[in-house]
Every structure is written in C-alpha cells, then in structure tokens.
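The values are calculated or read from the model by the stated rules, or taken from the named source; none is laboratory data. Everything quoted here is computed from the prediction, not taken from an experiment. Cβ sites come from the backbone with ideal geometry, for glycine too, and all protein chains shown count toward neighbours. To get the accessible areas, we keep the full protein, side chains included, count just its heavy atoms, and leave off ligands, DNA and RNA. Shrake-Rupley method; radii C 1.70, N 1.55, O 1.52, S 1.80 Å.
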Amino acid sequence: MSLVSRTPPPCRIRAEKFRYGVGPNWAERVACDAVSRSSLFGVKKRVVGSSSLSWNAENGAWALGFGASGCKRLGHFIVAASPPTEDAIIATEPLTKEDLVDYLASGCKPREAWRIGTEHEKFGFEIDTLRPMKYGQIADLLNSLAERFDWDKIMEGDKIIGLQQGKQSISLEPGGQFELSGAPLETLHQTCAEVNSHLYQVKAVAEELGIGFLGIGFQPKWGLKDIPIMPKGRYEIMRNYMPKVGSLGLDMMFRTCTVQVNLDFSSESDMIRKFRAGLALQPIATALFANSPFTEGKPNGYLSMRSHIWKDTDKNRTGMLPFVFDDSFGFEQYVDYALDVPMYFVYRKKKYIDCTGMSFRDFLVGKLPSIPGELPTLNDWENHLTTIFPEVRLKRYLEMRGADGGPWRRLCALPAFWVGLLYDDVALQNVLDMTSDWTEEEREMLRNEVPITGLKTPFRDGLLRHVAEDVVNLAKCGLERRGYKETGFLREVAEVVRTGVTPAEKLLDLYHGKWVGNVDPVYEELLY
C-alpha cells in the first residue's frame, strides 16, 4: 500500500490543510502602514492593544480575540515536542521514493488557495547589559505570553521550548533567537498585521522582564562563548556535528537571524519556474536586506555576514542548487538530492537519535546504523527536509531564504518583494526572461560577492543595483495587478535601490560617524 494514492491529478490538493478563510473586512480592520512607525503604534492601540490572533475552527477564519476586554479566554494546552506534523495514515508497507515524490507534489494547490507564510527571527537581549537573554528569561517570556495571550505551550521534557496558537508558532533557534512562524495568510496586509500583533505581544511582556529585541542578521557584539544554548535535543546533535563539516556552522546556529517567506505553487511546472526565479534573484534579496556588518563589536568586512556564513556551514546541504536549472529538474530530482543529503537525527519516543552523516536511502530499506531494521515515516521525511538549507528550499511550498533579519518595516517588505515577483504571472515570466541567459558561474559569483559588496557588485556591463531596480519595479507591478493595494510595503526596498545604499552600509556610516566606533548604539537603532 502506498501512503499516497498514485493515480491523482498531477498535483493534489489537501483541502483540510489549506482552509485559511479571512473575514471580509480583515484588511480594513488590521491593515498596517509599512512605512510609518507612528502608524504601527496606531495599529497597536486600535487593534492589538490586548489581543491575539486565533484560528476559529468552527468558521474556518482568523479572528482577533481580545483577552482583556471581557471575552472568554481560551483554555491553555500543553503540546509535547514533536516533529512538525503527524502522519495521518499508518504505513503497512515501506515508503518508496515515489511516496517521497508524491509528498512534495501534494503541496500543489490552485491559485485561489495560494497563501503567504512569513517567518522571522530576532535576538533577545538584556536591556541593562546588552547580553543575550538566558534560557531562564526566555522560559519566563514564553510562559507569560502563554498566560496573557492564550498561546499553548510546547514542551520538550520539562522545558518550555515554544508556543502554538492556531497556525502560528513561536520557536527557539539554537542560541535563543526568537522566531515567529506565521500562519498562511491571503494578503500582505494580513501578514503585516500578524507581525505587528506578535511584536506588540512580545514587547509588552519583554519590557516587564528587562528584555529587548534586536532586528539584525548577525549578533553584533557577543562571541560564541557568550551565547546560551537552548535545551532542545536536535540542537545538541547539530552542535556536535557542525564543526565536522564546516568552519562557520556554529556561528550559523547561534549568531544569525533571518526573515523568510514561504510561497505556494500550482503544479510541478509552476514550482520549477518559481524555484528558478527565486534562486536566480536570491542574491538580489540578500543585497536589498543586507544587515549584518558587525562581529564582536567591530566591522567584519561584510554587508551580510549571515549570508557569508552559509558558504562554510555544510556544503552538502547549502548553496544555489545548479541542478534546479537542468531540463530534467522536477520533484523527483529534488527528492534524489535530498536523499543524498546526510541526515541529522531520527525522532522516536520523544527523543532525538543521532544519525549524523547517515543516509536516508539506507533508512528507506531499514539499514540505518543507529536504528537497524526501523523504517521511516513521512514524519521522518518531513523532518529530514527541514535539515536542508539551500538559498531556496522545497517542501510542500517554496521557502525564500536569502535575507538578513531586520527591523519591523523590513519584515513586511520581504514577503512583498517575493509575492510581487512570484504570485503574478507577468512578473514571473519577466524574471525568467531576464535571468534565462545567466550562467551557473554568474549565479555563483553573485552568491559569493553580494555578501561583501551588496548592490555595488559588478554584473555584466553594470552594477547589480541596476538589475535590482528593474526587479523591484517588476515586484511593484506584480503587486498592483494583485489588486490588494499592497505596493506600500515595498517602499523600504525601493529606497534601498534608489540610493544604492544597503541597510548594512547605513549602519557602518553610523558606526564610523555618530557612534564613534562603538557598536552598542545598534541595540537602540534596531530595537523592535
């Protein structure tokens, strides 16, 4: 028995996974201005003053629940730490490669079901000392968020490691970086409102604990020895493995923050087109959002240290994936690639079993040395896919992974950039036409040079800035054609290409000027 029917249409729709309805007046109620900080405070006061986003399963819609306004608060639940999803079907026969291909293909959905999922990480720090917040402080923060804003707790053993509320979750990266994984939403107004709601909640609790949050791509002041280690089993396995496969893997784990957007596709051919466009333009996103020029209090020689770090983290699971541009590329070819990426772990009986360097191909036939005779489930496959880190990642959706973390305005700008390019047929075709003759060597050159020189990177007969201007204009036109009045969210990146000055370069100017060689003011400059 196959886990997934082998006689479906080319792409299957799992309706229960994608019923993300929204109320008719959502945009009017919670739309935010992506440019004005004062507008953000207005949204807080008007909409999110004591609220939380929650999923109403009865009517299939997102709603704002007001915890302090007399409405009944939801009961709290404890969610045991577990892989991202649970298998809905029990296997009676071993998984095959075809099942793994079918799993990726099951992400296809019609255009009307396409959604926007935004994820962002940020550094928490003690306001008085600027030191990274410790796990105990993080636990207090998570517990307070759960009590005040109706989040369910996610536990690993007796440790709180995250929160969940509807389709949103809060999780901890290895060094305590605080991540919101947003719900799949229909418009950028909803996405930005979700970000604002999250930041309001976090700030409301964190300020009472003497904690602030910093929007930057790389830890600007503290060394690895100063970063706390989160009590999550998978991170211990990764921490031991990283130094064996690269020199900067621990920096990636403990000292980087990113913002990314997850986007849908309608078919295998649509996935291929979006994957190729995303990979080709990922260095432009890296340049536009470059925001990590400091290491341990000094300029590090990069505009995006975060992006540079991925170059020497683990070459088996990172990079620009040149095979995506091959004529033969599709779901099956990505499965072949993923099967050859060495494993990290298997999750069994609420424990992570170290499988570093082992083969998922061996796992498929019960020959995994750590658990001989054990066969994988789709949970194991999904977990394995999360341990692969290319510039664009395929799961049952596509993840755009090239941008540094940044202040709140840029958290709304990143999804706007990619939605305008990839969710509009005209813009997408223009991108593919623009990049069709870019060679593998040129794409790799941009990947290598942009972290250092940003928009000033030479490209063909000009600078990357000139290409970026055209790309941002394509994104703007794509958003206009969507008809949701979303182009305002692009103002941040439009200003970057207009001036040619990346966020990192602005920080460096402050460091060498107003800050007189002291990096500490960045904690105020980029404070959420």
Complete set of residues in segment 515-526 that are in contact with a Phe, Trp or Tyr (Cβ under 7 Å, 6 or more places away or on another chain), open to solvent by 30 Å² or more (accessible area, probe 1.4 Å) and under 18 Å from residue 408 (Cβ atoms) = none
Inside segment 515-528, can you point out the residues that are not in a loop (DSSP other than H, G, I, E, B) and not hydrophobic (A, V, I, L, M, F, W, C)?
-> 523, 524, 525
All but one of (1) of a type in the set (Val, Ile, Thr); (2) open to solvent by 20 Å² or more (accessible area, probe 1.4 Å); (3) in contact (Cβ under 8 Å) with a residue 60 or more places away in the chain hold for residue 419; which doesn't?
-> (2)
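Tell me which residues, restricted to segment 126-159, are open to solvent by less than 10 Å² (accessible area, probe 1.4 Å) and either of a type in the set (Lys, Arg) or farther than 30 Å from residue 398 by Cβ (or both). Steps first, answer last, please.
The first filter runs over segment 126-159 and keeps only residues open to solvent by less than 10 Å² (accessible area, probe 1.4 Å), leaving 133, 138, 141-142, 145-146, 149, 151.
Hits for segment 126-159 are 133, 138, 141, 146, 149.
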Just give me the residues in segment 392-415 being open to solvent by 10 Å² or more (accessible area, probe 1.4 Å) and of a type in the set (D, E, K, R), in sequence order.
-> 393, 395, 396, 401, 409, 410
Search segment 293-306 for residues that are charged (D, E, K, R) and pair each with any residue that is assigned to a loop (DSSP other than H, G, I, E, B) and open to solvent by less than 30 Å² (accessible area, probe 1.4 Å) when their beta-carbon atoms are under 7 Å apart and the residues are at least 6 apart or on different chains.
-> 296/223; 306/217
Assuming residue 281 fulfils every condition listed in (1) under 22 Å from residue 184 (Cβ atoms); (2) buried (at least 24 other Cβ atoms within 10 Å of the Cβ); (3) aliphatic (A, V, I, L, M) apart from one, which condition is it?
-> (1)
Residue that is surrounded by the most Cβ atoms within 10 Å (Cβ to Cβ) [pool: residues in segment 356-375 that are closer than 22 Å to residue 232 by Cα and within 30 Å of the chain's Cα centre (by Cα)] | 358
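Mind listing whichever residues of segment 340-355 are in a loop (DSSP other than H, G, I, E, B), crowded, with 17+ Cβ neighbours inside 10 Å and not aliphatic (A, V, I, L, M)? Show your work before the answer.
Step one: list which residues in segment 340-355 are in a loop (DSSP other than H, G, I, E, B), which gives 341-344, 349-350, 355.
Now restrict to residues that are crowded, with 17+ Cβ neighbours inside 10 Å: 341-344, 355.
Selection gives 342, 344, 355.
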Conditions (1) under 23 Å from residue 507 (Cα atoms); (2) open to solvent by 30 Å² or more (accessible area, probe 1.4 Å): number failed by residue 325 = (1)
Qualifying positions in segment 175-190 - open to solvent by 10 Å² or more (accessible area, probe 1.4 Å), in contact with an Asp or Glu (Cβ under 9 Å, 6 or more places away or on another chain) and of a type outside the set (S, T, N, Q) = 179, 182, 184, 189
